[in-house]
Every structure is written in structure tokens, then in C-alpha cells.
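Here is the structure we will look at.
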Amino acid sequence: MDFDVLIIGSGAGGGVTALALCEQGFKVGLVERGPRFDPQKDYILNYPDWETRHDPLEQARINEQTINVDYRTKFEVDGQAHKRSELVYHRVYGVGGSTLHYQGEAHRFGDHTFNNKKLYGWGVDWPINYADLAPYYTTVEGLLGVAGDPNNPFKPKREAFPTPAHALSPRSRILAESAKSIGMTALPNTLALPSVSMDGRLPCQHSGGCDYGCVFGAKSSVDQAIIPRAERTGNLSLLTETRALKLTLDDAGEIESVVCSNAGGVQQITARAFVLAGGAVETPRLMLSAFSDNAPNGYANNTDQVGRYFMETVVAFLFVELEADVQVYRGPPIDSRIWDFYKSKDKQTSGFVMGAAGYLYPGIGPTSKALKGTSIGRAHKHKMRDSFGHDLRLFAVTEQEPMAQNRVTLSEFNDDDQMPKVDVHSEYSKRDMHTIKVMQAQLHKWAIATPTKKIGRFGNTSYRSSATHVGGTCRMGVDPKLSVVDAFGKVHGQTNCYITDASVLPTQGAGDSPSLTIQALALRTAEKIAADLKA
Amino acid sequence: MRNSRFKAKLIPRRQFLLRSAYLISAAALGTGKLQTASAQEPRPGPLGIKPYVARLTSQDLTRISLLDTIIPADQSGGAIDLGLDTTLTQEMASQPKAKQWIDRMVSSVSQMCLAQHRKPFYDLNIDQREQFINELLADRANTIIWGDLNRLRRVLLTWYYQSEVGAATIGFYLPAHYPSYPGDRASANTATGNT
């Protein structure tokens with residue numbers, strides 16, 4: 001055997017699984033398709049031309065190889081053309097995965113979000129509840145140095161956070177005042193952006209640049225907060241720029257090895273146990289493309305559940321131009337949040353959260369702003385001085401209703417490595433569309449209450465895709481006929497395979513960000529792996 | 001103030017170039033027509049050193065004036081103060097295609113300005129120059145000049161706002177320059193109603 005455990009994917013789930021197993025003395029191989037980035041050299045915000053510079057963290061999206069992106073633009077439902085924009089799936093190839101570009105949001109899912117079916121009559125209940133996950137949340141928060149305010153009335157009671165909440169940024173103070181005036185409560189967000197130094201790293205510098213990778217190495221992305229600890233155990237072999245092409249199965253349909261390729265060629269890697277942590281698209285792709293006599297529909301897919309219940313980010317947003325010059329891009333990107341609508345208010349509407357995106361992104365950078373319109377001269381300079389740093393996007397996020405027909409399937413097309421791409425079928429339910437309308441109404445109310453120069457246009461992801469949090473496709477459950485993994489992340493009917501990424505999520509936490517939950521689940525699964533290996 | 005340091009350092013260059021424009025323009029007016037570079041070459045100075053101004057043609061001056069019109073100096077420095085005229089010249093020297101469209105545009109602007117105002121573009125005051133360029137940018141009928149001018153606008157604004165000094169004129173600094181934002185727990189708590 002090459003390793004005790006081979007993990008595919010070094011993102012939120014894979015990285016934490018690796019650390020937990022390394023600390024228990026297991027030899028772990030961690031396969032990562034992308035490189036290991038150097039924050040001071042590789043991230044574009046180190047350079048003045050960042051707005052036009054190639055962003056290495058966007059490599060996965062720009063050179064999309066996994067998804068047949070044309071699929072959604074022409075799919076049909078009941079013979080009717082049902083056009084949607086291409087699925088824009090934001091993820092990162094690199095050690096740390098999508099935590100490299102996340103905003104550091106580190107949310108515990110509220111206890112009600114584990115029981116949507118029981119409480120609200122839709123979706124599905126998790127096989128575990130908040131209490132099962134709470135100790136793992138605490139451990140992960142400690143590893144990441146999560147900053148937050150424990151007195152959040154919308155969340156379960158809890159102990160103090162490892163680091164104190166950040167003071168609200170100037171923009172959030174304005175937005176908190178306006179929210180208060182209409183009966184909403186903007187609270188400090190909980191963030192994996194330590195407010196005091198962790199592990200000798202700088203605390204968050206409030207640069208607003210999380211999206212492009214933290215140039216200070218302050219954000220607790222997996223490459224900064226988790227991997228170095230795992231490396232210190234001496235048990236981690238990090239295989240970067242290595243792509244897991246295929247699972248090879250034995251006669252019984254169990255994983256025998258993983259075929260990987262890198263600059264050195266193609267090799268088969270064996271292990272006592274395998275962990276799939278490539279995300280809700282890559283993990284089902286690997287499973288569906290592995291066949292044997294005992295697995296004619298793909299690995300662990302005899303009940304046709306692999307790839308089903310795909311969920312993407314459901315977002316409504318509204319552009320506003322604030323009256324005050326508060327340099328909206330300063331501060332942690334999403335440093336406050338409104339949880340007033342976190343629980344469903346009626347049977348038709350899903351729970352959702354609201355916030356304001358003030359982070360740096362090309363659309364609000366100096367050059368993008370300067371190039372808008374055709375004005376020149378003194379008027380242009382005056383306008384730049386007068387309006388730069390005022391543009392803000394108010395947003396609301398909910399979870400997509402899990403539906404069996406929303407699924408990842410193998411495409412007829414192959415990628416550059418001659419591996420099958422996938423088609424991603426994702427349509428919004430009536431509930432999703434209704435919730436979008438409710439979210440837009442609340443955003444508008446908030447915008448009107450805020451001192452603005454201009455309230456811009458609405459947008460939402462029902463027609464303009466921007467999927468950052470995708471989940472489902474290998475969901476967790478008790479019944480193998482309706483799920484892929486059990487309550488500990490172990491693949492039903494298999495002895496040596498586990499999943500520790502967003503694909504196991506049965507639902508998406510009413511719009512809260514999933515990374516902390518993925519990591520807490522990964523710790524729990526790592527305990528199970530360790531117990532199984534020791535048995 | 002956002003730009004005081006920048007202003008003090010760069011204004012002399014602006015004054016030098018614009019004074020050059022004034023001198024050559026005066027020379028051109030003196031003869032009743034614009035002259036070529038060789039014709040308007042000034043006499044050598046007492047020590048036989050030809051001043052820099054001698055190398056500027058009317059084409060150069062029009063180009064420089066265009067830069068000064070698109071990003072003028074006001075309370076903060078403009079394109080010339082930042083040396084974008086030099087950058088553009090270097091770009092033209094290294095990229096024949098860039099030279100081609102920039103020369104084409106400058107010639108068009110010169111001719112159209114002479115036809116409309118009966119004086120060279122660089123002789124117009126800033127109000128006139130801005131108005132003239134704004135009219136050209138609003139007139140899509142003349143595709144070539146409209147396209148070239150927009151291209152120049154795009155290039156200059158990108159260079160300007162990608163530069164540290166240009167970005168600083170709107171208070172933007174790259175993250176590496178950031179101190180944490182001012183603020184304290186007490187005022188944040190007041191805003192959120194936390195205790």
C-alpha cells in the first residue's frame with residue numbers, strides 16, 4: 001500500500017480530514033490538482049494591474065474541463081426549451097481549494113436547518129442534528145481562529161469564539177443603522193479571519209481582498225491554517241499538480257486504487273482507505289466514471305443516487321451607490337449579516353440571510369470604474385473622486401430546494417485528459433423562485449432605508465448563474481435507496497471509501513456558507529475512518 | 001489631502017511640456033501656418049545645445065494635448081504629470097500597429113480641429129479641447145476616429161488608475177499598503193445595538 005489513506009482534493013473537507021488523520025499517526029496522501037500558491041508572489045492583489053491581470057485562482061473556471069458548460073443553455077423540460085445561462089461554478093484548483101478565494105465566512109448551520117422536512121414540510125432531514133455536530137464545529141473554529149460575537153440570537157447558544165468579532169467596517173455601520181430603522185438586525189459576521197494573530201500569522205488586515213487570495217496569509221484558508229499543521233506531523237504527502245483521473249474497482253466493486261496523472265506521468269496509487277473530497281461536481285464525476293461488473297452504473301451507484309440532489313447558490317442582489325464616502329471595499333468582505341429571515345416565515349418561502357458585498361472585485365476596482373461610460377477630462381476625474389468606493393451590492397442568499405432531477409450526469413464529451421465531462425442539470429423550484437421574490441422585496445426595503453445616491457438594478461441567479469456553494473450529489477442519509485453516504489460520511493455498502501466535501505450535504509443551511517459545516521463533518525468522518533482502520 | 005505629495009513632485013514636468021506647446025504654437029502662428037519639425041527647429045543655444053523643445057512636432061503637441069485633455073491636471077496631477085506621454089511614445093516605438101492608429105487619430109484630430117476652429121488642437125483652451133473631444137466621442141458616425149479615441153481613452157485611463165499615484169487620487173491603495181480601518185468595538189456595538 002502506498003498510503004493508509006488517500007484523499008482526493010485539498011479543500012475545506014479534504015484538508016481537515018488529512019490533518020485529523022495525520023495527527024493520529026496515519027500516513028496520508030493528499031492529491032491536489034492545482035499548485036501550492038505563494039500568497040506574496042502569486043496573488044494578483046500584489047500587483048497594480050490586478051484588475052486586468054490573469055488570476056490564477058480562476059484557472060478552474062476559465063479553463064473549465066469538468067463541466068460541459070453548454071449543457072444548461074439548451075436543455076429541455078417536458079419538451080419545452082428551458083434556457084438558462086451556463087453554470088458558472090467558482091472553485092479553485094490549488095492547495096486549499098475554494099477556501100483560497102472564500103470570504104472566510106464560517107457559519108454553524110442553525111439547528112432548525114437540519115430538519116427542514118420535519119419543521120417546514122420540504123426538502124429532507126439530516127440523519128444527524130446540530131448537537132451531533134457542535135463539538136466538531138468548536139474544534140474547527142479553534143483551528144481557524146474564527147472571529148465572532150457569541151451573542152447572536154438567531155443562532156444556537158454557544159461559548160466565546162476563539163478570537164473576538166471584528167469591529168464593523170464603516171459601510172457596515174451605515175447598513176446596520178438602516179437595517180435597524182426597518183426592524184432588521186445586522187450583526188457581526190462569523191469569519192475565519194482571525195482578529196488576533198494565529199500560529200504566528202498576521203491577523204486580518206481588513207484589505208477586502210479575500211476573493212483573490214489573502215496577500216497577507218492572514219485568512220484561515222486551508223493552505224494557511226490546516227496544511228502546515230498536518231505537515232508538521234511528518235505523515236502528510238502532498239501531491240500537487242496531480243489530477244485524480246479514475247477510480248479503479250475490484251471485482252466486488254470496491255476501490256482498489258486511484259489513477260493519477262501529473263508531469264511525471266500516470267500512476268496508480270493504492271491505500272487502505274480512500275476519501276473523495278473534490279467537491280459536489282468532481283466527486284460524482286469520479287464515481288460515475290468508474291465501472292466494474294459489480295458496478296455497471298458507476299461506483300456505489302446501484303440505487304442511482306450518485307449525482308442527484310445537486311444544489312447551487314440561490315442569490316438575489318441589488319446594486320446601490322452609497323451616499324457616504326466609506327471606501328466600501330475596506331474591511332472584511334462580508335463583515336455583517338442579517339439573520340432575521342433565517343427561519344422560514346411561511347410555507348412557501350425558504351429561510352434566507354442578507355448581507356452586503358463590499359469586497360474588491362474587478363467591477364468596482366479603479367480601472368473598471370474609470371472605463372465605464374465615455375466621459376473624459378475634468379468631469380471624469382471629478383466623477384471618479386466623487387463616486388469611487390461607494391458602489392455596493394446588497395445580497396440575499398437562500399438554499400436551493402433539493403430535487404432528484406437536479407443532478408450531475410456524465411456528458412457525451414470528454415475533456416483534455418479524455419475523461420468524461422459532466423452535464424449539470426439544475427432548475428429552480430417554485431419555492432426557490434418565490435423565495436427570490438421575497439428576498440428582492442426585502443433588499444429593496446433595506447436599500448430605500450439606506451442613504452444612497454442611487455439604487456441600481458436587481459439581479460438573481462435564476463438567469464445569471466454564479467455558483468460558489470454547490471452541494472448535494474452524494475448526500476448523507478440513513479436509507480441507501482435515497483442517499484450515498486451514511487451519517488458518518490462512509491459510502492453505503494463500501495468498506496474503504498468516505499466522502500468529506502459539500503456533496504454530502506442534504507440541505508444547504510438556509511443560505512449560510514457551508515465551509516465550516518463541511519469541515520466539521522470532515523472531522524467527524526475522520527474519526528470514523530481512524531476507528532475503521534484501527535478495528 | 002489625497003494628492004499634495006504627488007502634485008509637488010510632478011507639476012514641473014507638466015509646466016515644461018505645456019510651455020513647449022505654447023512656444024511652438026507661437027512660432028507656428030508667426031508664420032501663418034504649422035511647420036514641420038525641420039522647419040521649426042530653433043537656433044542652437046549659446047553653447048550649441050539644442051533644447052528639448054526642438055524635437056516636438058505639431059503632431060507630438062497634438063498628441064500631448066490629447067493626453068492632457070483626457071486626463072487633465074486639476075487638484076491632482078494628470079496624464080502628463082504621470083509621464084504617460086513618454087509611456088505612449090515608448091509604446092509607439094515598440095509597436096508599429098499602435099503607432100499606426102495613434103498617428104492616424106492624431107492627424108484626424110488635427111485636421112478636424114483646424115477645419116472647425118481654425119487653430120491647432122493644442123492651441124485651444126481646456127474647455128474647448130474637452131468639448132471638441134467629447135463631441136468626437138459622441139459621434140459614432142465617424143467610426144475610425146471614434147474607435148481610435150475610445151481606444152486611447154481606455155489605454156490612458158487604465159495606465160493612470162493602475163498606477164499607484166493615479167489610484168491614490170481616488171483614495172485607493174493596494175492591500176499591501178493598508179493599515180486596518182479605524183474603528184472600535186464601542187462604536188460598532190452602538191451601530192448594531194449590541195451590548
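Odds and ends about this structure:
- The number of residues in region A:139-152 that are open to solvent by 10 Å² or more (accessible area, probe 1.4 Å) and either β-branched (Val, Ile, Thr) or touching a residue at least 12 places away in the same chain (Cβ under 8 Å) (or both) comes to 5.
- Scanning region B:111-131 for residues that are open to solvent by 20 Å² or more (accessible area, probe 1.4 Å), within 14 Å of chain A (Cβ to nearest Cβ) and not in a helix (DSSP H, G or I) yields a single hit, B:Asn125.
- Total residues in region A:167-203, condition more than 8 Å from chain B (Cβ to nearest Cβ), on the phi < 0 side of the Ramachandran plot and not aliphatic (A, V, I, L, M): 10
- Residues (more than 7 Å from every other protein chain (Cβ to nearest Cβ), in a helix (DSSP H, G or I) and at pLDDT 80 or above) located in region B:151-195: B:Arg151, B:Leu152, B:Val155, B:Leu156, B:Trp159, B:Tyr160, B:Val165, B:Gly166, B:Ala168
- Condition met for A:Ala441 (closer than 30 Å to A:Thr113 by Cβ, away from chain B (no Cβ under 14 Å) and open to solvent by 10 Å² or more (accessible area, probe 1.4 Å)): yes
- Hits in region A:262-277 (condition: touching a Cys at 6+ places or on another chain (Cβ under 9 Å) and open to solvent by 10 Å² or more (accessible area, probe 1.4 Å)): A:Val266, A:Gln267, A:Gln268
- No other residue among A:Leu276, A:Leu288 is modelled with pLDDT of 95 or more and more than 18 Å from A:Ile529 (Cβ to Cβ) apart from A:Leu288.
- Of the residues making up region A:208-234, those that are more than 14 Å from chain B (Cβ to nearest Cβ), open to solvent by less than 20 Å² (accessible area, probe 1.4 Å) and not β-branched (Val, Ile, Thr) are A:Ser220, A:Ser221, A:Asp223, A:Ala225, A:Ala230.
- With respect to the conditions (1) touching a Lys or Arg at 6+ places or on another chain (Cβ under 8 Å); (2) touching a residue at least 40 places away in the same chain (Cβ under 8 Å); (3) surrounded by 22 or more Cβ atoms within 10 Å (Cβ to Cβ), A:Tyr463 falls short on a single one, namely (3).
- Check on B:Ser108, over 17 Å from B:Leu56 (Cα atoms) and assigned to a helix (DSSP H, G or I): yes
- Subset of region B:68-77 that is surrounded by 24 or more Cβ atoms within 10 Å (Cβ to Cβ) and hydrophobic (A, V, I, L, M, F, W, C) - its residue that is farthest from the other protein chains (Cβ to nearest Cβ): B:Ile71
- Any hit, region B:132-140, residues being open to solvent by 40 Å² or more (accessible area, probe 1.4 Å), over 29 Å from B:Gln90 (Cβ atoms), in contact with a helix residue (DSSP H, G or I) (Cβ under 6 Å, 6 or more places away or on another chain) and not aromatic (Phe, Trp, Tyr): yes
- Only strands (runs of 3 or more DSSP E) whose full extent lies in region A:365-429 are considered here, and the ones with at least 3 residues that are open to solvent by 30 Å² or more (accessible area, probe 1.4 Å) are A:407-414.
Residue-wise test of (1) in contact with a strand residue (DSSP E or B) (Cβ under 6 Å, 6 or more places away or on another chain); (2) crowded, with 24+ Cβ neighbours inside 10 Å; (3) modelled with pLDDT of 95 or more.
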| site | (1), (2), (3) |
| --- | --- |
| A:Pro162 | no, no, yes |
| A:Ala167 | no, yes, no |
| A:Arg171 | no, yes, no |
| A:Leu175 | yes, yes, yes |
| A:Lys180 | no, no, yes |
| A:Met184 | yes, no, yes |
| A:Arg201 | no, no, no |
| A:Gln205 | no, no, no |
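The values are calculated or read from the model by the stated rules, or taken from the named source; none is laboratory data. Quick caveat: nothing in here was measured; it's all calculated off a predicted structure. All Cβ positions, even for glycine, are placed from backbone atoms using ideal geometry, and neighbour counts span all protein chains on display. Heads up: the accessible areas ignore ligands, DNA and RNA and are worked out on the full protein's heavy atoms, side chains in. Shrake-Rupley method; radii C 1.70, N 1.55, O 1.52, S 1.80 Å.
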